[in-house]
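Some notes on the structure that comes next.
The values are calculated or read from the model by the stated rules, or taken from the named source; none is laboratory data. Since the structure is predicted, the reported quantities are computational estimates derived from the model, not experimental observations. Note that each Cβ is placed from the backbone with ideal geometry, even for glycine, and that neighbours are counted across all protein chains shown.
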Amino acid sequence: MSRVVLLLVLTLATVTVGVLVNARVRERTAPPSGNDTSQTPTSPRPLILQEGDGEHLVRRTGPTAGWPFIIKLDGQSGNTQDFFVFTSTMAPGETIPFHKHDNAEEILFVEEGGATVIVGDQRGVAGPRSIVFIPRDTWISATNSSNHDIHDIAIFSRHGYEQYMRALGVKQGEPMTPLSPDELRRLRALGHSMYWDTSKGPYPPGVSHP
């Protein structure tokens with residue numbers, strides 16, 4: 001009888017140890033709860049970006065060749081899940097050519113006044129700290145019609161255009177190797193962007209113009 005009791009005690013102890021071990025394993029491997037603020041390497045990272053922070057690049061081809069810009073946020077910088085943000089500077093007389101994006105809305109912050117902006121059927125001169133809203137599939141163009149530099153911040157609601165901008169840009173001091181027309185078209189399609197063919201005229205259909 002005592003031998004049977006001993007076997008029962010040993011069996012119970014073994015089962016208890018197994019249950020405790022399995023519970024500890026599940027605890028270690030369980031996904032974090034909603035209150036867990038830990039981040040995986042690919043989680044978005046909180047950032048405080050100063051004016052000069054970001055990835056400094058220069059456009060190497062096209063009508064804006066030589067323009068510097070800074071990628072502030074995207075899937076690589078900050079690991080954003082949605083937004084793409086970059087800043088650039090327009091010198092007097094420079095123009096952002098007519099283009100549009102089929103997958104994302106865009107907000108353009110214009111820091112200094114003097115940019116003549118055409119967006120869809122709207123045309124005007126943006127004053128200091130203006131905001132231009134660009135819906136999907138809407139033609140946009142801006143010209144620095146002032147006598148000073150104009151700084152702007154472009155914010156896109158979805159990823160896509162950064163693929164084109166990264167391919168278009170090189171680091172300052174690197175060779176400005178141009179892209180072939182076919183490669184430029186491929187990259188623009190990859191970036192969900194379309195640029196107006198000026199051989200068809202100076203203005204796309206439906207936009208406001210003088």
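Structure summary
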| item | result |
| --- | --- |
| Residue pairs meeting the criteria (Cβ under 6 Å; at least 6 apart or on separate chains; first touching a residue at least 60 places away in the same chain (Cβ under 8 Å), in the stretch 171-193; second of a type in the set (D, E, K, R)) | M176/R60; H192/D102 |
| Flag if V119 is crowded, with 17+ Cβ neighbours inside 10 Å and either among the hydrophobic types (A, V, I, L, M, F, W, C) or more than 12 Å from A104 (Cα to Cα) (or both) | yes |
| Pairs, first more than 19 Å from H209 (Cβ to Cβ) in the stretch 112-129, second in a strand (DSSP E or B), C-beta under 6 Å, six or more apart | E112/I150 |
| Residue check for V85: among the aliphatic types (A, V, I, L, M), modelled with pLDDT of 95 or more and out of contact with any Lys or Arg (no Cβ under 8 Å at 6 or more places or on another chain) | no |
| Residue among R60, R28, R24, R45 that is at pLDDT below 95 and closer than 22 Å to S157 by Cβ | R45 |
| Output for the stretch 49-71, where each listed residue is free of Cβ contacts under 8 Å to residues at least 24 places away in the same chain and in a strand (DSSP E or B) | E55, I70 |
| Test: residue in the stretch 104-121 that is out of contact with any Phe, Trp or Tyr (no Cβ under 9 Å at 6 or more places or on another chain) and within 19 Å of L190 (Cβ to Cβ) | no |
| Test for G78: is it surrounded by 18 or more Cβ atoms within 10 Å (Cβ to Cβ) and either at pLDDT below 95 or over 28 Å from A189 (Cα atoms) (or both) | yes |
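Quick grid of which residues meet (1) within 17 Å of the chain's Cα centre (by Cα); (2) closer than 19 Å to P68 by Cα; (3) aromatic (F, W, Y):
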{"residue": "L108", "(1), (2), (3)": "yes, yes, no"}
{"residue": "Q122", "(1), (2), (3)": "no, no, no"}
{"residue": "I140", "(1), (2), (3)": "no, no, no"}
{"residue": "G173", "(1), (2), (3)": "no, yes, no"}
{"residue": "D182", "(1), (2), (3)": "no, no, no"}
